[in-house]
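Input: a single structure, listed below in structure tokens.
The values are calculated or read from the model by the stated rules, or taken from the named source; none is laboratory data. Quantities reported herein were computed from a predicted structural model and do not represent experimental measurements. In this analysis, Cβ positions are derived from the backbone assuming ideal geometry, glycine residues included, and neighbour counts consider all displayed protein chains.
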Amino acid sequence: MKKTGKKAIVIGGGVSGLAISIRLAKKGYQVEIWEQNDFLGGKLSEHWEQGFRFDAGPSLFTLPELLEEVLEFSGHSELMPSLHRLDPVCRYFWNDGTRFDAAADPQQFAQEAAGTFGVDAQRVASQLKHSREIYSISAPVFLERSMHRLGTYFNLDFLKGVVQMPKLDVFKTMHEAHKKNLGHEKLVQFFDRYATYNGSNPYKAPATLQAIPSLEYFRGAWLPKGGMISITRALTEAAQRMGVQIQMQRKATAIYHNGKNIESVEWDGQRESADLVVSAIDVQRFYPLLNPAMPLPKRIEQAERSTSALVFNWGMRSSYPELDVHNIFFTDDYRNEFDALSKSGNGIIEDPSIYLFISSKRVHEDAPAGGENWFTMVNAPGIGALNQAQIKEARERIGGKLSRILGRDIFSDIQAEWIMQPADIARRTGSPDGALYGPSSNTLWSAFNRHANSTSKIKGLYFTGGSVHPGGGIPLCLLSAKIADDLIPSLP
Ligand SMILES: Cc1cc2nc3c(=O)[nH]c(=O)nc-3n(C[C@H](O)[C@H](O)[C@H](O)COP(=O)(O)OP(=O)(O)OC[C@H]3O[C@@H](n4cnc5c(N)ncnc54)[C@H](O)[C@@H]3O)c2cc1C
């Protein structure tokens with residue numbers, strides 16, 4: 001790969017920063033990643049506690065072909081992690097004793113849902129088909145291209161998508177659509193949960209988000225054989241092999257421009273000049289660094305944040321055969337749970353829905369023999385730090401609920417503990433309020449009108465990552481790096 005002497009500084013070493021650095025190196029830039037932490041991956045990082053390994057953020061991997069594409073692009077497709085395809089995708093528990101394994105095969109899923117919930121299998125199968133149709137119409141329109149470039153609007157796939165817009169249910173909420181399509185309360189709750197895949201509220205988010213489950217049932221739910229951290233490792237290795245310089249513990253404190261062009265980036269009082277700067281950090285954190293100052297667009301400033309999380313990582317001394325890799329324990333009052341998460345709500349409700357991820361079910365080295373690594377998460381409002389009393393209370397409620405449903409005292413099995421609360425997520429990743437996915441997609445406007453991947457105001461400045469277009473989550477972050485790359489001119 002030829003080097004041109006043009007320098008690019010990528011701020012942030014999360015999945016999107018790593019992905020864009022590979023793309024820029026391929027274009028011929030001399031690329032540096034600046035990462036404030038002493039570890040890479042941002043939200044996609046890991047933590048060890050007394051012999052137990054915990055993935056510190058994402059646990060579900062969809063659309064692995066997007067990772068494959070970046071690695072192929074780097075010329076190192078051999079770095080693609082081996083994957084387990086999960087089947088069942090997830091095991092569901094309700095307080096009344098109902099259990100449901102979500103089979104990976106859509107037909108089997110529909111049959112088994114019909115058996116468990118006493119509904120017509122055809123109705124369930126139709127919902128999955130509807131989900132796939134919405135995805136195939138909306139992805140070329142809203143996800144795969146810049147929404148801020150004129151050329152997009154003259155693209156054939158885009159125009160086809162626009163013609164089919166009425167099928168996207170944009171004026172209903174997700175919950176309304178599920179209620180109409182499925183009728184059964186538990187099945188509606190099951191499908192509503194997919195709003196949380198981008199930190200949104202199914203009672204507010206547009207029904208277009210019905211597209212999300214199609215990824216799991218038609219494209220697959222995956223777990224890398226070395227745990228989620230393998231994704232960060234593969235991207236890091238590819239970037240390094242391409243000559244990307246990784247500067248650890250280097251926090252960007254100011255970005256200088258002359259009103260037209262980007263000039264330099266500052267850390268610890270020193271400036272380094274750059275021809276190109278890519279923000280791969282939360283866009284709300286990036287704007288205040290600009291010098292001279294530039295206001296964050298109002299719609300971005302005012303957008304509701306996605307939810308945060310309170311996670312109890314528990315190293316368990318024994319194993320639980322009744323659990324799978326992904327497990328959900330639902331609340332009886334889902335609406336109340338989302339209301340409580342909103343700005344005016346009370347936070348974590350008495351009987352919260354619990355998400356329990358156990359990578360050691362498949363990645364055996366993640367826990368000592370006979371034990372399991374439990375990533376036990378509840379959604380939490382992103383409104384700053386929880387105090388010790390709130391964390392203790394939530395711990396009692398969560399452990400108590402799991403003990404009741406599993407029929408054994410789980411507290412006595414906890415051998416190691418590492419707690420991650422919204423303030424920790426904010427500190428580890430620079431995400432305001434510890435939001436998991438940048439702005440929420442609770443309105444049509446916020447779902448499809450995120451910050452652009454470039455700005456017409458300053459040449460040489462680009463944006464990628466979970467807080468900008470097309471959105472949060474690993475697949476969309478990888479797409480965002482691709483879209484930003486498409487906007488960056490090739491070097492001669
Ligand atoms: C608990 C949790 C569960 C999740 N579950 C899933 C899931 O199951 N599946 C899924 O696909 N997604 C999931 N996500 C979302 C996913 O992790 C993110 O959307 C994605 O990893 C964001 O990547 P990013 O590169 O945009 O940003 P980040 O990962 O936030 O990286 C930003 C990086 O920038 C660094 N940084 C910030 N400011 C500066 C500065 N001034 N100078 C230098 N460096 C700086 C940070 O330290 C960080 O390393 C989850 C997230 C969390 C936290």
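In region 345-374, what residues are of a type in the set (Gly, Ala, Ser) and in a loop (DSSP other than H, G, I, E, B)?
Residues satisfying the conditions are Gly345, Gly347, Ser353, Ala367, Ala369, Gly370, Gly371.
Is there a residue in region 347-364 that is of a type outside the set (Asp, Glu), in contact with a helix residue (DSSP H, G or I) (Cβ under 8 Å, 6 or more places away or on another chain) and loosely packed, with under 15 Cβ neighbours inside 10 Å?
No, there is no match, as no residue in region 347-364 is of a type outside the set (Asp, Glu), in contact with a helix residue (DSSP H, G or I) (Cβ under 8 Å, 6 or more places away or on another chain) and loosely packed, with under 15 Cβ neighbours inside 10 Å.
Report the residue count in region 257-284 for those that are crowded, with 19+ Cβ neighbours inside 10 Å and within 14 Å of the ligand (Cβ to nearest atom).
10
Quick one: is Leu310 under 23 Å from Ser200 (Cβ atoms), in contact with a Phe, Trp or Tyr (Cβ under 6 Å, 6 or more places away or on another chain) and either more than 10 Å from the ligand (Cβ to nearest atom) or in contact (Cβ under 8 Å) with a residue 24 or more places away in the chain (or both)?
Answer is no for this residue.
Can you tell me which condition Phe158 does not meet? The list is (1) at pLDDT below 95; (2) under 24 Å from Gly220 (Cβ atoms); (3) surrounded by fewer than 19 Cβ atoms within 10 Å (Cβ to Cβ), and all the others hold.
Here Phe158 meets the rest and fails (2).
Taking region 326-369 only, how many residues are in contact with a Lys or Arg (Cβ under 7 Å, 6 or more places away or on another chain) and farther than 20 Å from Thr196 by Cα?
Going through region 326-369 one residue at a time, the tally reaches 2.
What residue, among those in region 186-215 that are within 13 Å of Ile328 (Cβ to Cβ) and of a type in the set (D, E, K, R), is surrounded by the fewest Cβ atoms within 10 Å (Cβ to Cβ)?
Lys186
Looking at Gly371 and the list (1) within 28 Å of Lys204 (Cα to Cα); (2) buried (at least 19 other Cβ atoms within 10 Å of the Cβ); (3) out of contact with any Pro (no Cβ under 8 Å at 6 or more places or on another chain), which single condition is not satisfied?
(1)
Taking the stated definitions as given, is Leu290 farther than 30 Å from Val363 by Cα and at pLDDT below 95?
No; evaluated as a whole, the condition is false for this residue.
For every residue, the table says whether it meets (1) in the same structural domain as Met420 (by TED's automatic domain parsing); (2) among the aliphatic types (A, V, I, L, M); (3) away from the ligand (no atom under 11 Å from the Cβ).
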site: Gly17; (1), (2), (3): no, no, no
site: Leu24; (1), (2), (3): no, yes, yes
site: Glu35; (1), (2), (3): no, no, no
site: Gly42; (1), (2), (3): no, no, no
site: Val70; (1), (2), (3): no, yes, yes
site: Ser74; (1), (2), (3): no, no, yes
site: Ser77; (1), (2), (3): no, no, yes
